[in-house]
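The values are calculated or read from the model by the stated rules, or taken from the named source; none is laboratory data. Just so we're clear, the structure is a prediction, and the values are computed from it rather than from any experiment. Every residue, glycine among them, receives a Cβ derived from its backbone with ideal geometry; neighbour counts consider all protein chains shown.
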Amino acid sequence: MIVKEWLDKEESSNSEWNSIVQTRLKLARNMAGIPFPDNMTTAEAAEVNDKVSQVVQKWNETGPVKFTPVSVSALSEGEKNLLLESGIDFPEGGNSQWRKLYLSDSWGMAILTNGDDHFTAWALSHDGNLTETWEKLSKLDDFFSQYIPFAFDHEFGYLTASPLMAGTGLSVRETVFIPGISQLRQIENLAGKLARSGYRIGAMERNASEFFPFYVIENSYSMGVSEKGLCNRLEEANKNIEFVEDKAWNTWYSAHEELCKDKAWRAIGTLSYARSLPYREGVECFAWIYNGIRHKLLPAQTKAKCLQLLKMLSTSYVEQKVQQEGLSEKDSNRWRAVIVREFIKAMNI
């Protein structure tokens, strides 16, 4: 239950309504002189764990957040899926006994040892402030660099298990909500502009319905640019996305005002009274509600509160909530409806 409890702390975050739903920064580092996890020995894996554990203890003495160790081998598949859905991705292969996870005392940061790389750290946020999110991760990186010699090449930069991560070792990912751009079929145009900044964009959900305008933006490469440079490029792109989205939304909304209001309130009604709620139907309703609250078609709610709704629609969250993994689809749909009904009622929409 520690994973669900950590994720539930997310609700306390305070973020402005904008196109950025979540920012995820992932930093990969490896210890000099030790093979990548795929080729390391048990003794080398233990050395990595011991060294990282020592530095985490030093960090906890003075750092702005404290990290608590979690045994990866003790995590259930449902808990791993919850972490994956939040942006903390575990390698599928390898020996989980070699790995140790550290979760911050407040939501938003995590460390994993002996995953794809010896040391992987994440910083998550909802406010769209890439600079601030990177500064949190950079401070952690600088602190660990004082005690651990990371593998670095003057030509290739930081050495990582994946060549795509070499250079900065940084993966930058944003989830954005852009219904105006999506409805006016301007995604390809946006993709072209992002490509020139070293980023790509794709749908968050495969085979999504027409109105599920959530997209994921990721950096295409990590070499030849600094970590801060990567973040600065996307921050500049975000300003353009926000401008284009506001203009596109106003254009589309002016022609579909009645439809937008009707769909938003219908979605509230469905989630308020459903006795069986399939995941797909739930996320489609969520999209209309999220859009309705952001554009003030529905009563005001915090962005973090609204994102709690999306999180609890997942089957992994439902199973953790009722403490029963492996639910049948029928039971999962029933429990999802119960959980969501209670949440919608508490929102007082």
Seminar exercise, completed: If you go through A248, A264, the only one that is surrounded by 17 or more Cβ atoms within 10 Å (Cβ to Cβ), at pLDDT 95 or above, closer than 20 Å to I187 by Cβ and of a type in the set (A, V, I, L, M) is A248
For this session: Determine whether C231 is farther than 22 Å from Y290 by Cβ, surrounded by 15 or more Cβ atoms within 10 Å (Cβ to Cβ) and not polar (S, T, N, Q).
Result: yes
For this session: Determine the pairs where a residue that is closer than 10 Å to W252 by Cβ and without any contact (Cβ under 8 Å) to a residue 60 or more places away in the chain, located within segment 170-193, has a partner that is assigned to a strand (DSSP E or B) and not hydroxyl-bearing (S, T, Y) with Cβ atoms under 6 Å apart, the partner being 6 or more residues away or on another chain.
Result: none
Problem set entry | Test: residue in segment 200-207 that is touching a residue at least 60 places away in the same chain (Cβ under 8 Å), outside any loop (DSSP other than H, G, I, E, B) and within 22 Å of the chain's Cα centre (by Cα) | no
Exercise. Identify, please: which residue in segment 135-166 is farther than 22 Å from K58 by Cβ and buried (at least 18 other Cβ atoms within 10 Å of the Cβ) and is, among those, nearest to the chain's Cα centre (by Cα)?
Worked result: M165
Problem set entry | Where V322 falls short, out of the listed (1) β-branched (V, I, T); (2) within 27 Å of L190 (Cβ to Cβ); (3) at pLDDT below 95 | (2)
Problem set entry | Test for K345: is it part of a helix (DSSP H, G or I), surrounded by fewer than 18 Cβ atoms within 10 Å (Cβ to Cβ) and modelled with pLDDT under 95 | yes
Exercise. Restricted to segment 157-188, and to residues that are among the β-branched types (V, I, T) and part of a loop (DSSP other than H, G, I, E, B), which residue is nearest to N291 (Cα to Cα)?
Worked result: I178
Problem set entry | Condition met for W265 (in contact (Cβ under 8 Å) with a residue 24 or more places away in the chain and under 18 Å from I181 (Cα atoms)) | no
Exercise. If you take the residues in segment 294-314 that are in contact (Cβ under 8 Å) with a residue 60 or more places away in the chain and out of contact with any strand residue (DSSP E or B) (no Cβ under 9 Å at 6 or more places or on another chain), which one is surrounded by the most Cβ atoms within 10 Å (Cβ to Cβ)?
Worked result: S314
For this session: From (1) surrounded by 15 or more Cβ atoms within 10 Å (Cβ to Cβ); (2) not in a loop (DSSP other than H, G, I, E, B), pick out the condition that doesn't hold for N240.
Result: (1)
Exercise. If you scan segment 35-48, which residues turn out to be farther than 19 Å from S162 by Cβ, surrounded by 13 or more Cβ atoms within 10 Å (Cβ to Cβ) and either in contact with a helix residue (DSSP H, G or I) (Cβ under 7 Å, 6 or more places away or on another chain) or of a type in the set (G, A, S) (or both)?
Worked result: A46
Exercise. In segment 48-96, how many residues are hydrophobic (A, V, I, L, M, F, W, C), under 30 Å from Q324 (Cβ atoms) and more than 20 Å from the chain's Cα centre (by Cα)?
Worked result: 1
Exercise. With respect to the numbered conditions (1) free of Cβ contacts under 8 Å to residues at least 40 places away in the same chain; (2) farther than 26 Å from D8 by Cβ; (3) of a type outside the set (S, T, N, Q), which one is the sole condition not fulfilled by I88?
Worked result: (2)
Seminar exercise, completed: Per the filter on segment 56-65, residues at pLDDT 95 or above and within 14 Å of A110 (Cα to Cα) are V56, W59, N60
Exercise. Does S197 count as free of Cβ contacts under 8 Å to residues at least 40 places away in the same chain and either assigned to a helix (DSSP H, G or I) or surrounded by 14 or more Cβ atoms within 10 Å (Cβ to Cβ) (or both)?
Worked result: no
Exercise. Taking into account only those residues within segment 201-225 that are closer than 26 Å to D153 by Cβ and modelled with pLDDT of 90 or more, which is surrounded by the most Cβ atoms within 10 Å (Cβ to Cβ)?
Worked result: N219
For this session: Would you be able to say whether some residue in segment 214-233 is of a type in the set (D, E), assigned to a helix (DSSP H, G or I) and closer than 18 Å to E174 by Cβ?
Result: yes
